[in-house]
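Just below is one structure, and these are the notes that go with it.
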Amino acid sequence: MKSGDFMADLRMEVLESGLSKRKIPILILDERYNLVMPDKDKTPQIRKLEAKVGNLLKKQGKVTNDIKEVKKIKARLLQDVVENMDSEGKEPARQKKMGKTQKLIQEAKTKLAELEDSELELPRALEEANRELLLEFIQVCYARMNANREDIGLLDKWINEMRVELKKKLVIKQEKETKNSNIYAYMHDLLGPGLIQMFDEADSESE
């Protein structure tokens with residue numbers, strides 16, 4: 001293993017250890033995450049991991065709703081059994097219906113157990129997927145910040161060069177303004193206000 005790879009792995013271990021001690025929000029639901037990582041800036045890997053988190057969120061919501069629905073169905077079936085327990089007669093049709101109801105109750109229990117297992121497992125899977133997204137997000141952000149720093153350095157150099165050039169242009173401008181002022185003042189004194197006004201008007205018309 002190269003020393004650079006070893007250091008990268010070591011940094012990742014330290015990073016993941018630090019993250020395990022923090023409560024990280026679900027990134028795709030975080031307004032600031034979406035501000036820092038707008039759609040146009042997302043890499044294919046970021047999109048893939050966001051989709052994974054999004055699918056787990058949808059699955060979690062569906063499991064929660066399914067548990068509620070199965071519990072309602074189970075409760076109705078149990079109520080049906082209670083209501084028919086005191087009914088007189090042992091008609092085959094009634095016995096068949098009770099047997100079917102008992103079977104449905106058992107199926108509901110099995111389905112409910114599966115859903116509750118998923119309900120317990122999904123938060124861990126969601127947290128893991130969110131952490132994967134976070135680690136990729138951090139790497140993309142640092143790469144982007146480093147690229148921005150290079151651009152900022154180039155822009156600083158250009159701005160400083162432009163400042164020097166601007167100062168030179170300002171000096172030239174001020175010199176030309178001073179020369180024009182001195183020329184005009186001398187001609188005004190030499191020719192007098194009447195004649196200088198005539199020359200001013202003639203000069204304006206020739207422009």
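The values are calculated or read from the model by the stated rules, or taken from the named source; none is laboratory data. These numbers were taken from a predicted model, which means no experiment stands behind them. Methodologically, a virtual Cβ is constructed for each residue, glycine included, from the backbone with ideal geometry; neighbour enumeration extends over all protein chains shown. Just so you know, the surface numbers come from the protein's heavy atoms only, side chains and all, with ligands and any DNA or RNA stripped out. Shrake-Rupley method; radii C 1.70, N 1.55, O 1.52, S 1.80 Å.
If we keep just the residues of segment 116-132 that are of a type outside the set (D, E, K, R) and touching a residue at least 60 places away in the same chain (Cβ under 8 Å), which is most open to solvent (accessible area, probe 1.4 Å)?
At the first step, the residues of segment 116-132 found to be of a type outside the set (D, E, K, R) are 118, 120, 122-123, 125-126, 129-130.
With touching a residue at least 60 places away in the same chain (Cβ under 8 Å) added as a condition, the list becomes 122-123, 125-126, 129-130.
On the way: Leu122: 13, Pro123: 58, Ala125: 27, Leu126: 12, Ala129: 1, Asn130: 6 Å².
In this case the residue turns out to be Pro123.
Taking Lys48, is it under 30 Å from Met145 (Cα atoms) and in a helix (DSSP H, G or I)? Full working, then the answer.
Values: under 30 Å from Met145 (Cα atoms): yes; in a helix (DSSP H, G or I): yes.
In short, yes.
If I go through segment 133-171 residue by residue, how many of them are open to solvent by 70 Å² or more (accessible area, probe 1.4 Å) and in contact (Cβ under 8 Å) with a residue 40 or more places away in the chain?
Step one: of segment 133-171, the residues open to solvent by 70 Å² or more (accessible area, probe 1.4 Å) are 139, 142, 144-146, 148-152, 154-158, 160-171.
Still in the list and also in contact (Cβ under 8 Å) with a residue 40 or more places away in the chain: 144.
Of the residues in segment 133-171, 1 are open to solvent by 70 Å² or more (accessible area, probe 1.4 Å) and in contact (Cβ under 8 Å) with a residue 40 or more places away in the chain.
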